[in-house]
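Just so it is clear, none of the values below were taken in a lab; they were calculated from the coordinates. None of the values given here were measured: they were computed from a predicted structure. No Cβ is skipped: glycine too gets one built from the backbone with ideal geometry, and neighbour counts run over all protein chains shown.
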Amino acid sequence: MPFGFGIVVDQNMPWPELLERFLFAERLGLDSGWVCDHFVQPSRPQYAGGYLEGWTLLAALAARTERLRLGVLVSSNTFRHPALLAKEAVTVDHVSGGRLELGLGAGWYAPEHEMYGLDLGEPARLVERYREAVEVVDRLLRADVVSYEGQHYHLREAVFRPGPIQRPRPPLTLGAHRPRMLAIVARHADRWNSFGSVEEMRERNARLDDACAAIGRDPRAIRRSLYGWASMMARDPFASVDAFAEMVGRYREAGVEEFLIDMPEPAQYDVLDRIAADLLPRLRAGAA
């Protein structure tokens with residue numbers, strides 16, 4: 001699959017500043033822009049500036065951008081019934097003119113679940129509930145009347161109209177790190193997203209290949225993407241164009257095809273500008 005580069009923006013700033021960051025990414029010609037799905041910022045839960053909600057924010061961004069593909073990296077399944085998520089997704093797909101990337105994860109940050117009285121549950125139940133939710137979302141976005149009988153979710157001749165602009169449905173991005181979750185990715189995802197070291201990504205990538213082989217799916221059908229930020233890497237990828245190229249090179253050797261990286265602060269916009277102008281054309285052409 002072709003090289004991809006998108007930015008991720010924490011919604012811990014006023015709306016005008018958030019919008020400008022996405023418009024800047026669009027002007028640079030980046031492929032995608034993503035927000036997060038939390039009620040509080042996990043790294044700063046008591047931050048006085050707060051945190052805006054991901055899907056309503058994505059809808060606003062969809063109305064104000066023109067080319068950038070947009071997604072939530074990734075929606076927490078514990079926050080919404082999957083039918084509600086599917087409705088939100090199809091709405092943003094229409095508002096954006098078919099630019100939605102639909103991200104879904106199992107949920108993980110226990111403190112915000114405790115704050116808001118949300119059920120996180122034991123890992124085994126969390127994964128099984130996630131598997132059912134992925135199936136529900138997938139079916140709803142492909143058909144206009146759906147029934148589903150699971151342990152956690154039940155639909156009775158659920159009418160789902162209108163359908164999405166993108167057919168057969170918007171691309172589905174599933175966040176996963178461990179074997180049971182990767183098995184769900186193998187069956188349903190268009191894109192797999194994870195974070196970690198080069199070695200962790202290499203190991204998980206191989207596990208996903210094995211999971212695809214087990215069900216007879218071509219592993220090349222699933223795009224492999226990294227969510228990254230400066231503090232998780234040995235070197236800030238926005239320290240220079242060379243630093244970004246070095247980061248890309250190391251992770252590409254581990255099978256990563258797409259890089260979804262936290263957007264740098266404005267002081268590093270000149271580096272991002274040069275990456276977009278000088279490096280991205282070569283990466284997309286396969287010359288770097």
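In order along the stretch 186-199, the phi-based Karplus estimate (6.51 cos²θ - 1.76 cosθ + 1.60, θ = phi - 60°) of 3J(HN,Hα) comes to 4, 7, 10, 7, 9, 9, 9, 10, 8, 9, x, 6, 4, 5 Hz; Gly and Pro are listed as x. Using C-alpha pairs below 8 Å separated by at least 6 residues, the relative contact order for the chain is 17 percent. Using a 7 Å offset from the Cα along the Cα-to-Cβ direction at both E20 and Y47, what is the distance between the two label points in nm, to one decimal? Going by the 7 Å Cα→Cβ label model, 1.7 nm.
Please list log₁₀ I(q)/I(0) at q = 0.21 Å⁻¹ for the stretch 174-286, using the Debye equation with identical point scatterers on the alpha-carbon positions. Rounded to two decimals, the profile gives -1.08.
3J(HN,Hα) along the stretch 161-175, derived from phi through the Karplus expression 6.51 cos²θ - 1.76 cosθ + 1.60 where θ = phi - 60°, amounts to 9, x, x, x, 5, 6, 10, x, 6, x, x, 9, 9, 10, x Hz, with x in place of Gly and Pro. Once the Cα atoms are used to define both axes, helix 15-28 deviates from the longest principal axis of the chain by about 70 degrees. Helix 241-252 and the long axis of the chain differ in direction by around 40°, with both axes built from C-alpha atoms. For the chain, the longest piece that avoids every one of the GluC sites (Glu not before Pro) found in DSSP loops with at most 15 other C-beta atoms within 10 Å covers 67-252. With just the Cα atoms defining each centre, how far is the stretch 135-183 from the stretch 1-60? Give it in Å. Answer, in whole Å: 25. Which parts of the stretch 239-278 would a label at E200 reach, counting a residue when its backbone N lies under 19 Å from a point 7 Å out along Cα-to-Cβ? What the label zone holds, given the 19 Å backbone N cut-off, is 247-263.
Express in whole angstrom the spacing between the alpha-carbon centres of the stretch 213-241 and the stretch 246-269. The stretch 213-241 and the stretch 246-269 have Cα centres spaced 8 Å from each other. Here the spin labels are modelled as points 7 Å beyond Cα on the Cα-Cβ line, and at D119 and A277 they lie 5.5 nm apart. Counted residue by residue at 0.36 nm each, then reduced by the alpha carbon distance between them, the extension gain from A213 to T56 reaches 52.7 nm. Extending 7 Å from Cα along the Cβ direction at R27 and again at D144 yields two label points whose distance is 4.3 nm. Under 5 Å between amide hydrogens, built in the peptide plane, is the criterion, and for V8 it picks out W34, I261, D262, M263 among residues at least 5 positions away or on other chains. The base-10 log of I(q)/I(0) for the stretch 231-288, evaluated at q = 0.15 Å⁻¹, reads -0.41 [Debye formula, identical scatterers on Cα atoms, solvent excluded]. Both numbers refer to the Cα atoms of the stretch 69-197; Rg and Dmax are 14.3, 45 Å. Taking a point 7 Å out from the Cα of I165 in the direction of its Cβ, the residues of the stretch 59-80 whose backbone N falls within less than 15 Å of it are 59-71.
Computed from the alpha carbon atoms alone, the convex hull of the chain holds 130 Å³ per residue. Which chymotrypsin sites (Phe, Trp or Tyr not before Pro) does the stretch 1-78 hold that lie in a coil by DSSP with at most 13 other beta carbons within 10 Å? Answer in residue order: Y47.
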